[in-house]
1. Provide Phe228, Phe268, Phe127 ordered by accessible surface of protein heavy atoms (probe 1.4 Å), highest first.
2. Taking springs between alpha-carbon atoms closer than 10 angstrom, which of Thr92, Thr49, Thr174 fluctuates most in the Gaussian network model of the chain?
3. Calculate the FRET efficiency for Gln48 and Asp152 from the Cβ-Cβ distance with a Förster distance of 51 Å, rounded to the nearest 0.05.
4. Gain in length, Gln176 to Ala39, computed as 0.36 nm per residue apart minus the alpha-carbon separation, to one decimal in nm?
5. Mind listing the phi-derived Karplus ³J(HN,Hα) values for segment 248-253, rounded to whole Hz, using 6.51, -1.76 and 1.60 with θ = phi - 60°, and x for any glycine or proline?
6. With no solvent and one point per C-alpha, what does the Debye sum give as log10 I(q)/I(0) for segment 226-268 at q = 0.21, 0.29, 0.32 Å⁻¹?
7. I'd like the distance between the alpha-carbon centres of segment 137-180 and segment 61-132, rounded to an integer number of Å.
8. Pick out which of Gln252, Gln75, Gln176 has the largest mean-square fluctuation in a Gaussian network model of the chain, springs linking Cα atoms closer than 10 Å.
Amino acid sequence: MRSPNGEIDRMANNPMRLALVIGNSRLHWVLLSRETIMATWDTEHVDQTAIASLFSQSDSLGALLQLAPQELQQQMSIPPPLLIASVVPEQTERWRQHIPAHLITLDQIPLQGLYSSMGIDRALAVFGAGQIYGFPNMVIDGGTALTLTGVDGDRRIIGGAILPGLRLQGRSLTQQTATLPDIEFSLTTELSAQSFPTAEPIPRWATTTAAAIRSGIVHTVLSGIRDFVDDWQRLYPESPVLLTGGDGAFLQQHIHSQFHHLDNAIHFDAALTFKGVQALLT
């Protein structure tokens, strides 16, 4: 994929590259080569004072090394090119003020039907899914916002939906009411990408306030996902459906537990957005 100024092409000649995907809640980092995603990690958003302090104490590479896991710092001794894909303009500008970076934009992603307000993370995720699992595909991203995005066999975005994610729904109740408690959504067991044991069902008819909030959010979100997936399979019966995002594994576990007809239809892949970035460089 060629950008207007050729920056991506020049970056593709480097053995490694570092990408920063700026999400609504966190910074998502990936160190990758053309063939391999070498490591991923998350950090918190950085305010203007903190980022200025970080870069004032060392050069650009040294500042980035401070944010990387210690075991990766030796691999990054040669500065990798930095790419940024962002849905938070303020964070984007803070980083680009201090370090040269190529900004990935919608016009660089070879999909049809992209619209100007579409989140770059959604576009990268369905593009990455297409490279690995094929087109058409549907991606459900369980992030701060829970998004559903479909792309057809001609690589055209056919549409999707956006709603508040699990934690955002929970926080809205906590912050906008006087007495409702904060709640967490955690996995029943540790999962690998290939292992999704049956989750302990979340009681539908709850007998405590916290459990009632959890029931209301989880059961309505799961039912909505089921409805969208059923409709997608009606349109594209052989199409893969992928779950990704911070709550993707939690949602996959509970879908596996409650909707057995979807057991073989939905697959979890935490790295779809990063795979979309990687695909732009091959």
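The values are calculated or read from the model by the stated rules, or taken from the named source; none is laboratory data. The shown structure was predicted, so the numbers you read here are calculated from the model rather than taken from an experiment. Don't worry about glycine lacking a Cβ; one is built from the backbone with ideal geometry, like all the others, and counts go over all protein chains shown. Note: areas computed on protein heavy atoms with side chains; ligands, DNA, RNA excluded. Shrake-Rupley method; radii C 1.70, N 1.55, O 1.52, S 1.80 Å.
1. Accessible-area ranking of Phe228, Phe268, Phe127, largest first: Phe228, Phe268, Phe127.
2. Fluctuation is largest for Thr49.
3. 0.75
4. 45.5 nm
5. Running phi through 6.51 cos²θ - 1.76 cosθ + 1.60 with θ = phi - 60° gives x, 5, 4, 5, 4, 4 Hz.
6. -0.64, -1.11, -1.23
7. For segment 137-180 versus segment 61-132, the Cα centre distance is 21 Å.
8. Comparing Gln252, Gln75, Gln176 in the GNM, the peak value goes to Gln176.
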